[in-house]
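The values are calculated or read from the model by the stated rules, or taken from the named source; none is laboratory data. As the structure is a computational prediction, the values presented were derived from the model and not from experiment. Here the Cβ positions follow ideal geometry from the backbone for every residue, glycine too, while neighbour counts run over all protein chains shown.
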Amino acid sequence: MATIQDIILSFRDKPGGIIEAYHAVQKAYNYLPEETIAVAAETFGVSEAQAFGVATFYSYLSVAKRGKYVIRMCESAPCHIAGAEALIKAFETALRIKAGETTADGKFTLELTECVGQCQGTPVITINSVPYVNMNPEQVPAVLALCQ
Amino acid sequence: MGHLSELHARCTDQYIEKFNRSRVIVGLGTCGIAAGGDKVMAAIQHEAASKNMHIDIDFTSCIGICFREPTVEISLPGFAGVIYGDMTPDKVPYLLESHIINRHPVEEWAVMQISEGSTALYENITKMNDYPFYSKQVRTVTSRLGRTNPESLTDYVATDGYKALEKALSMQQLDIIEEIKKSGLRGRGGGGFPTGMKWGFVYQAVGAKKYVVCNADEGDPGAFMDRSVLEGDPHSVLEGMAICGYAVGADEGYIFVRAEYPLAIKRLQTAIAQAEKYGLLGNNILDTGFNFKIKIKAGAGAFVCGEETALLTSIEGNRGMPRVRPPFPANQGLWGKPTNLNNVETYVNVPFIINRGSDWYTSMGTEESKGSKVFCLTGKINNTGLAEVPMGISLRDIIYSVGGGIQNGKRFKAVQIGGPSGGCIREEDLDLPVDYDSLTAAGAMMGSGGLVVMDETTCMVDVAKFFLSFTQTESCGKCTPCREGTKRMLEILNRLCSGAGRMEDLDTLERLGRVVKNTALCGLGQTCPNPILSTILYYRDEYLAHIQDKRCPAGACSALLVYQIDPDKCKGCSKCAKNCPAGAITGGKKKPYFIDVDKCIKCGACLPGCQFEAIYNDAAPHRNNCRPATRRTA
């Protein structure tokens, strides 16, 4: 795997490239390890506070370690009226964690998210950015079984 | 400029040639893939190879009927294409054998047929124009969706792609801007600002370096039209941007697209590479000396970046926070340079206007809102999907004719239009014409075009709470009215939904809403009270029921449900009492059990265990309606 330093440096000459660099690091490491911030701050000539500010402003980026499978459950209004609340509870029960937490074995992270733009099939979840539509609580075990 | 006509002729030949073969085309937008389209595709490839069939297998994007995904189109030479819906891998062998080998379309799986040119129609299959979902639609912006391969430059050029760019490059810059002004095109992202006027400002702005930016940071809950267009017709966005670049004097463009749309990003990247290869983007476009490059910037999950100044700040690599306007981006935008910023759908309209003229465009729509608008139909509606309708059509037509009415025969209650910036429209106002000004007058907003349809089981207080919870989460925190106001309003709504509401809460909500509306820094804050204000206006009785009776008439707010046991149905089996974690259910053997409402925590654990259907609440009313349920009064 490329080092964090290498990944970030490859975006050095791109105007406003810090967010792209973060995306690339997260793609490789699944989250932004701590050293990302310092390296990015130096590479793009901003303070560490600012680099950290950018990393934590955006919900798609995570500075906390996450599971191998990141399950994002939409809780926006269209999914809500289609029964997202029961679905969220079903995931929490099945994985025995709350939204925002990661399972002890580091396999799953549950996150709440706002609309992911797949409202044709509510309620929607995404697992590592792949959408699963028209979900219901009964499908939860089968969907989790796909994550191997 | 013989360059494009040569390419056009070559592409058209290749395109027409496709229709001389038997074709199987799978709808592979994100919606199609999520519904299993990729598995259907694999099954088709496997079946065709194992039976040694000589067919073309291709893919397209979503044609709009998301409720019938995955879709497959089969066309034989000389015959209309038949669109099949709800396809699964196990239907594939029979489908291919019947339609391709035996030349009998499978009528019971067919949704509709589409005749290209003079191809022969089948007798018993509905024509696209007669299919209710499409009969009131006009397909302009969405015309290539589901009809062409979004990753094929050949398909785009053969369907008049880049002709408008070629035409525009032979025009004077001001003439292009004038044509857009005359068309009456207004920003499709929600605000509805006249596009031509905006271009005029950027053209006049002083500075050698200018930018053109496409706002593809679609984030309104209930909206996915920009995703569908980007996935289905990426070249048209590039062409619209390039025309704008030439008209306003810019040589560089950015598309800011949400990271949640990986397929859209991939197809845009493919399209940009193709256009550059054929001299349709890049340096010296079509040998005219005009240079225009387009880059993609992926968002990182912040709804506020849909606001133009926040979006530009994010492209620059900062936290996406809006700033005070003026200066407007037209004068000081990206990196301080004059910048034209439009939404995806706005840019896609441009090539059509340039090709067909502003007179054609103004023939559609109302006095102040011209052309067509793409809407996403979501919620409790039968036909969820993507529909493009002429401006001025009524909401009733969209919901009942196009959308096929309400799911499961339930009663319509409201339609939320314009996402978290919009409002709810009730049954009485469904005949309103859809245009920017009538919707605003009704307390809603055109927004980007998401329609969330709600039925009688939806609680309006709960919906207002969820829209507000969205804006509260997405508030960037820069200005106090939005940061604090959304938080306080959300606290009140949470209180109402949990049964602790007070009468003065309604006044406070309305007052706070007005303050936030008038004082917030950007559009996100200024419009976020709309869902609350419009629901208080139209559904005040529901708010009152939550406050005075501690009751949710729709039965949606779980904290307000009153669980009761019908003594006539209860057989005294004691199962509910054993399941109750709060010890709220008491009774004796073979005698009716009773729920103590003060101890009940409304978890619902008793409900599924009762095999006699004796337990009921507002959401699951008991079947014996003779006796009204006694309400707990607080």
Practice prompt. Scan the stretch B:63-79 residue by residue and report those that are among the aliphatic types (A, V, I, L, M) and either within 14 Å of another protein chain (Cβ to nearest Cβ) or surrounded by fewer than 22 Cβ atoms within 10 Å (Cβ to Cβ) (or both).
Written response: B:Ile63, B:Ile65, B:Leu76
Worksheet entry | Of residues in the stretch A:47-75 being touching a Leu at 6+ places or on another chain (Cβ under 8 Å) and in a loop (DSSP other than H, G, I, E, B), the one nearest to A:Ala90 (Cα to Cα) | A:Glu75
Discussion item. Condition check: assigned to a helix (DSSP H, G or I), farther than 25 Å from B:Pro351 by Cα and over 27 Å from the mean Cα position of the chain (by Cα). Does B:Glu123 satisfy that?
Written reply: no
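This table checks each residue for (1) touching a residue at least 40 places away in the same chain (Cβ under 8 Å); (2) over 24 Å from the mean Cα position of the chain (by Cα); (3) within 13 Å of another protein chain (Cβ to nearest Cβ); (4) assigned to a loop (DSSP other than H, G, I, E, B).
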{"site": "B:Ala275", "(1), (2), (3), (4)": "yes, yes, no, no"}
{"site": "B:Ala300", "(1), (2), (3), (4)": "yes, no, yes, yes"}
{"site": "B:Val324", "(1), (2), (3), (4)": "yes, yes, no, yes"}
{"site": "B:Asn342", "(1), (2), (3), (4)": "yes, no, no, no"}
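Does any residue of the stretch A:6-18 turn out to be under 21 Å from the mean Cα position of the chain (by Cα) and among the small types (Gly, Ala, Ser)?
yes
Return the only residue of B:Arg495, B:Arg488, B:Arg483 being more than 26 Å from the chain's Cα centre (by Cα) and either farther than 30 Å from B:Thr313 by Cβ or at pLDDT below 95 (or both). Walk me through how you get there before you give the answer.
On the way: B:Arg488 fails: either farther than 30 Å from B:Thr313 by Cβ or at pLDDT below 95 (or both); B:Arg483 fails: either farther than 30 Å from B:Thr313 by Cβ or at pLDDT below 95 (or both).
After ruling out the rest, the residue left standing is B:Arg495.
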Response to the item:
Filtering helices (runs of 4 or more DSSP H) wholly in the stretch B:462-566 for at least 1 residues that are over 27 Å from A:Cys79 (Cβ atoms) gives B:480-497, B:504-519, B:540-548
Worksheet item: How many of the residues making up the stretch B:28-52 are within 14 Å of chain A (Cβ to nearest Cβ) and farther than 28 Å from B:Gly222 by Cα?
Response: 0
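Where in the stretch A:77-148 are there helices (runs of 4 or more DSSP H), lying fully within it, with 2 or more residues that are over 21 Å from B:Phe67 (Cβ atoms) and away from chain B (no Cβ under 13 Å)? Write out each step before concluding.
Values: elements: A:77-81, A:84-95, A:140-145.
Correct list: A:84-95, A:140-145.
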Worksheet item: So B:Asp431 clears everything in (1) within 14 Å of chain A (Cβ to nearest Cβ); (2) in a loop (DSSP other than H, G, I, E, B) except one condition, right? Which one?
Response: (1)
Worksheet, complete the sentence: A careful count of residues in the stretch A:77-136 that are of a type in the set (Gly, Ala, Ser), over 17 Å from B:Ser469 (Cβ atoms) and touching a Gly at 6+ places or on another chain (Cβ under 8 Å) gives 2
Item to complete: Within the stretch B:266-280, track down each residue that is over 19 Å from B:Arg10 (Cβ atoms) and surrounded by 17 or more Cβ atoms within 10 Å (Cβ to Cβ).
Response: B:Arg267, B:Leu268, B:Ile272
Response to the item:
Taking the stretch A:42-65 and the residues there that are of a type in the set (A, V, I, L, M), surrounded by fewer than 20 Cβ atoms within 10 Å (Cβ to Cβ) and within 14 Å of chain B (Cβ to nearest Cβ), the one that is nearest to B:Asp217 (Cα to Cα) would be A:Val63
Worksheet item: Considering A:Ala49, A:Ala28, A:Ala77, which residue is assigned by TED's automatic domain parsing to the domain that holds A:Asn136 and more than 18 Å from A:Glu101 (Cα to Cα)?
Response: A:Ala77
Worksheet item: With respect to the numbered conditions (1) more than 14 Å from chain B (Cβ to nearest Cβ); (2) out of contact with any Phe, Trp or Tyr (no Cβ under 6 Å at 6 or more places or on another chain); (3) buried (at least 19 other Cβ atoms within 10 Å of the Cβ), which one is the sole condition not fulfilled by A:Lys68?
Response: (3)
Worksheet entry | Filter result (in contact (Cβ under 8 Å) with a residue 24 or more places away in the chain and β-branched (Val, Ile, Thr)) within the stretch B:422-468 | B:Ile425, B:Val434, B:Val452, B:Val453, B:Thr457, B:Thr458, B:Val461, B:Val463
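What helices (runs of 4 or more DSSP H) completely inside the stretch B:181-268 contain at least 2 residues that are more than 14 Å from chain A (Cβ to nearest Cβ)? Steps first, answer last, please.
Values: elements: B:195-204, B:225-232, B:234-248.
In the stretch B:181-268, B:195-204, B:234-248 are the helices (runs of 4 or more DSSP H) which contain 2 or more residues that are more than 14 Å from chain A (Cβ to nearest Cβ).
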